[in-house]
């Protein structure tokens, strides 16, 4: 399997993603600079975390206009897997590849810590090797992770089983105490209608090996393989 990791000015998780995919999962990985207008022949595209364009205007608002995003959208339209992690999720929302928007964290503070997320749906290429209802320990690091959407969008996400991850306790309980950013209905990750574009705020690339305290994110890469 071959993956492309998109690099924007301000990306800081691109090498983390490449390490997880290449060194741990043994995929072939190629970095693609944001000014490129085409993608190499790859199976998977990753939009990594960081602060693309310094988060000016708002998170992901400028990155969505990068030349490479037309090719990324074409990759998704062709039904190939695309994952946006943290800032990458924010870019997907701004580009209209996923519905909804991100607000500042409820605390108005940057949050960086391990959280638990509950797997809500396994009928995706990203979660088919993970048990439904399993809780995963995966770190977050963001200031704008408060996912919001209108009622119609939320109902569609619910009805179409497109909420993939929710913030929860280790035992799978969802409540405000275990919602680190105020995200609507504890949403931590969603998928598109074709079920090939995933956006998630937690960083699975930082939880892909035991030495980093949790290997729980590895299930996402194993599902893709």
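Listing for the model above:
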item	result
Cα→Cβ-extended label distance, 7 Å offset, between residue 211 and residue 225, nm	1.7 nm
Whether segment 78-152 is rounded, prolate or oblate, judged on the alpha carbon gyration tensor where a/c under 1.5 counts as rounded	oblate
Among 104-115, 158-169, 46-57, the order from most to least packed when residues are scored by Cβ within 10 Å on average	46-57, 158-169, 104-115
Beta bridge orientation in the chain: antiparallel %, DSSP, nearest 5	60 percent
Under 20 Å from the residue 131 label point (7 Å along Cα→beta-carbon), backbone N, segment 172-197	172-174
Gained length - residue 19 relative to residue 57, 0.36 nm times residue gap less alpha-carbon distance	10.6 nm
Contact order normalised by residue count of segment 5-71, Cα under 8 Å, 6+ apart, percent	43 percent
Relative contact order, percent, the chain [alpha-carbon distance under 8 Å, six or more residues apart]	20 percent
Distance in nm between pseudo-label sites at residue 156 and residue 177 (7 Å out along the Cβ direction from Cα)	3.6 nm
Extension gain, residue 78 back to residue 103 (0.36 nm per residue minus Cα-Cα distance, nm)	6.0 nm
Cα-based convex hull, the chain, per residue volume (Å³, whole number)	106 Å³
Cα gyration tensor category, rounded, prolate or oblate, for segment 118-225 with a/c compared to 1.5	oblate
Residue order, fewest to most surrounding Cβ atoms within 10 angstrom, among 201, 69	69, 201
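Every number here is computed from the coordinates shown, using simple stated rules; none is lab data. Just so it is clear, the model here is predicted, and its values are computed rather than measured. Because the Cβ atoms are built from the backbone with ideal geometry, glycine has one as well, and the counts that use them run over all protein chains shown.
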